[in-house]
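Remarks on the structure that follows.
The values are calculated or read from the model by the stated rules, or taken from the named source; none is laboratory data. Since this is a predicted model, take the numbers as computed values, not measurements. So basically every Cβ, Gly included, is an ideal-geometry build from the backbone, and we count neighbours across all protein chains shown.
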Amino acid sequence: MAGIWWTGAILSLVEVITRGEAGGMTSDAITVLGLGNLGVAVAQAFLRGGCRTAVWNRSAAKGVALEGSGAVVAGTVQQAVASGGLVVVAVLDHQAAQEVLRGVDVRGRALVNLTSGTPEEARELARWAAENGAEYLHGAVYAVPQTIGTDESAINYSGSAAVHERWRERLALLGRVTYLGTDAGLASGYDVAILSGMYGLIGGFLHAVALARAGGIKAAELTPMLLSWLTDLHPALVTFAEEADRGDYAGGESSLAMNQSGLAMLVRATEAQGVPFAALGSFKALVDEQVAEGRGTESLARVVESLQRPAG
């Protein structure tokens, strides 16, 4: 009896929510596919915002806590997708997103994919959505799950302008919204560049900590000085960005030859202290390459040209 009632409740909800969609109108209800840490936080933010929300996860048990907050736990992906005009995907990776959506009728739906992936993977899903009658918006999340729905959360989107316009207020429940353009791969393009910079910074910081410890300096004593120095470097990064965009590196204050000398000293020092770092050596090799080509007086920013050279 309970099973019959539950099935009927889901079907009734679907009927109420999707009524009138044949005429081109889209339901205001939202579906969240995937209830990992991010998916749960996303569903909770929509529920706090008063949105009718259906959720689905491979393990239905993860949706139990959300039921108490008003969510409907769908038994299948198709039931979940049928329940919402906006379908938010928050799963492990691109392959998981493909598997979840495979064979599902997404016609007339707005798909917002918050799953991390490469720019081309985002474009691939956008093409799939278009071929299957849906519109696609890709999102790159800059927040930990605990901050979703607060001022500390920000999400960049790219893809369907219509989806962004239609659902902007609902998406703002998750965090600050920045729309980058109609190319679905743009949000991921920014994301992989930003994350690469982040991991480069973290790697450099941890190497600095290792060097400090090797010299008898505590990490906590090093960090304030390092943060101060990195903050002072902000104007240099702006200058490097302008030089890279122009493709003009002449007359840079931070020349390749000067940095080649500094990097050589650092490599010697790290080896002497027993804390070598492959990334440091790799960066020096790029500088060496540019200097060998007679570019020693030009800006350090010119290294970007070596990084973009075709392999081989």
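Return the residues of segment 208-251 that are closer than 24 Å to Ala193 by Cα and in a loop (DSSP other than H, G, I, E, B); say none if nothing qualifies.
If the condition is that a residue be closer than 24 Å to Ala193 by Cα and in a loop (DSSP other than H, G, I, E, B), then Leu233, Gly247, Asp248, Tyr249 are the ones that fit.
Is it the case that segment 286-293 has a residue that's assigned to a helix (DSSP H, G or I), more than 18 Å from Arg309 (Cβ to Cβ) and in the same structural domain as Ala241 (by TED's automatic domain parsing)?
no
So, Gly75, is that one in contact with a strand residue (DSSP E or B) (Cβ under 6 Å, 6 or more places away or on another chain) and either assigned to a helix (DSSP H, G or I) or more than 20 Å from Leu180 (Cβ to Cβ) (or both) or not?
no
Of all residues in segment 102-147, which are of a type in the set (A, V, I, L, M), buried (at least 16 other Cβ atoms within 10 Å of the Cβ) and either over 20 Å from Ala162 (Cα atoms) or under 16 Å from the mean Cα position of the chain (by Cα) (or both)?
The answer is Val104, Val112, Leu114, Ala122, Leu125, Leu137, Ala140, Val141, Ala143.
Within segment 52-82, can you find the residues that are of a type in the set (S, T, N, Q) and under 23 Å from Tyr157 (Cα atoms)?
Across segment 52-82, the qualifying residue is only Thr53.
So which helices (runs of 4 or more DSSP H) are wholly in segment 92-192 and hold at least 3 residues that are over 23 Å from Asn37 (Cβ atoms) and of a type in the set (A, V, I, L, M, F, W, C)?
Answer list for segment 92-192: 119-131, 161-171.
Applying the selection to segment 263-307, what residues are of a type in the set (Lys, Arg) and touching a residue at least 24 places away in the same chain (Cβ under 8 Å)?
Answer for segment 263-307, where residues must be of a type in the set (Lys, Arg) and touching a residue at least 24 places away in the same chain (Cβ under 8 Å): Lys284, Arg295, Arg302.
Out of Ala219, Ala184, I need the residue that is among the aliphatic types (A, V, I, L, M), closer than 27 Å to His138 by Cβ and touching a helix residue (DSSP H, G or I) at 6+ places or on another chain (Cβ under 8 Å). Which one?
It is Ala184.
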